[in-house]
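Notes to accompany the following structure.
The values are calculated or read from the model by the stated rules, or taken from the named source; none is laboratory data. Not measured: the values here are computed from a predicted model. A quick note on method: Cβ atoms are made from the backbone with ideal geometry, for glycine too, and the neighbour counts reach across all protein chains shown.
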Amino acid sequence: MEDAATPSVEPQPPWEPPLAGSEAEHLLGSLERLRATFRWKADGLDEAGLRVALPSSALTMGGLLKHLALVEDHMFTSKLAGTSPGEPWASADWEEHPDWDFTSAGSDAAAELYRRYDDAVRRARQRVGEALDAGGLDHPCAVTGPEGTPASLRRLLFDLVEEYGRHTGHADLLREAVDGRTGEDPPEDWRPFE
């Protein structure tokens, strides 16, 4: 029998934010939980599943995977460092096709969409870690406001949390329409299908 004065320690999945930590740990923990939940919602679908749309929208899970890969790359190259996010983003005709990331996903293979997203998240984690080491959450970024004041890394991370919050909600609806999968968090033993 467990002593009433000894609290039990529940094991936490790797994407669970800390119960008590620094501002950076909580912010990154919240982002990681959203990334994991989104990736779980998208996980394991074939091309047909990635192309399912609801009657009221052209949005698809494949489009969300490609869009969030773009957002991860753009946030932590262009906005953070002032550099190009590289291909396939650099050569896309954004003026002619402003939703290219969403619409072009319909002709991409499932494995390519998952790989592109997973690689973008890996690169983002590395770049964020380097920026945190260089200046913490106050690290100045290349993107500036109207008066030339640089955004902080904190601002970019909060913006990304907001982006994931919106699109994880979309992913909830899309995945339920594909095969009925529902739930707030992945199972504790889940890891991305690769």
* Determine whether Leu59 is more than 19 Å from Asp43 (Cβ to Cβ) and in contact (Cβ under 8 Å) with a residue 60 or more places away in the chain. => no
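I'd like the residue in the stretch 85-113 that is within 15 Å of Gly49 (Cβ to Cβ) and out of contact with any helix residue (DSSP H, G or I) (no Cβ under 7 Å at 6 or more places or on another chain) and, out of all such residues, is surrounded by the fewest Cβ atoms within 10 Å (Cβ to Cβ). I'd like the intermediate steps shown before the answer.
First pass over the stretch 85-113, keeping only residues within 15 Å of Gly49 (Cβ to Cβ): 105-106, 108-113.
Now narrow it down to the ones that are out of contact with any helix residue (DSSP H, G or I) (no Cβ under 7 Å at 6 or more places or on another chain): 111-112.
Numbers: Ala111: 11, Glu112: 15.
If we take residues in the stretch 85-113 being within 15 Å of Gly49 (Cβ to Cβ) and out of contact with any helix residue (DSSP H, G or I) (no Cβ under 7 Å at 6 or more places or on another chain), then Ala111 is surrounded by the fewest Cβ atoms within 10 Å (Cβ to Cβ).
For residues in the stretch 160-178 being in contact with a helix residue (DSSP H, G or I) (Cβ under 7 Å, 6 or more places away or on another chain) and farther than 19 Å from Leu31 by Cβ, which is surrounded by the fewest Cβ atoms within 10 Å (Cβ to Cβ)?
Val178
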* Asked: With respect to the numbered conditions (1) without any contact (Cβ under 8 Å) to a residue 24 or more places away in the chain; (2) over 17 Å from the mean Cα position of the chain (by Cα); (3) closer than 30 Å to Pro55 by Cα, which one is the sole condition not fulfilled by Ser152?
  -> (3)
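Given the options Val161, Val178, Val121, name the one that is of a type in the set (Val, Ile, Thr), over 19 Å from Gly62 (Cα atoms) and touching a residue at least 40 places away in the same chain (Cβ under 8 Å). Break it down stepwise before answering.
Numbers: Val178 fails: over 19 Å from Gly62 (Cα atoms); Val121 fails: over 19 Å from Gly62 (Cα atoms).
Exactly one residue qualifies, and that residue is Val161.
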* Name the single residue, out of those in the stretch 155-181 being over 19 Å from Glu32 (Cβ atoms) and charged (D, E, K, R), that is farthest from the chain's Cα centre (by Cα). => Asp179
* To do: Find the residue count for the stretch 20-60, including only residues that are aliphatic (A, V, I, L, M), part of a loop (DSSP other than H, G, I, E, B) and within 19 Å of Leu174 (Cα to Cα).
  => 5
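Checking the condition modelled with pLDDT under 95 and surrounded by 13 or more Cβ atoms within 10 Å (Cβ to Cβ), which residue from His26, His74, His67 passes?
Values: His74 fails: modelled with pLDDT under 95; His67 fails: modelled with pLDDT under 95.
Selected residue: His26, the only one of His26, His74, His67 that is modelled with pLDDT under 95 and surrounded by 13 or more Cβ atoms within 10 Å (Cβ to Cβ).
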* Test: residue in the stretch 83-99 that is over 19 Å from Ala171 (Cα atoms) and part of a helix (DSSP H, G or I) -> no
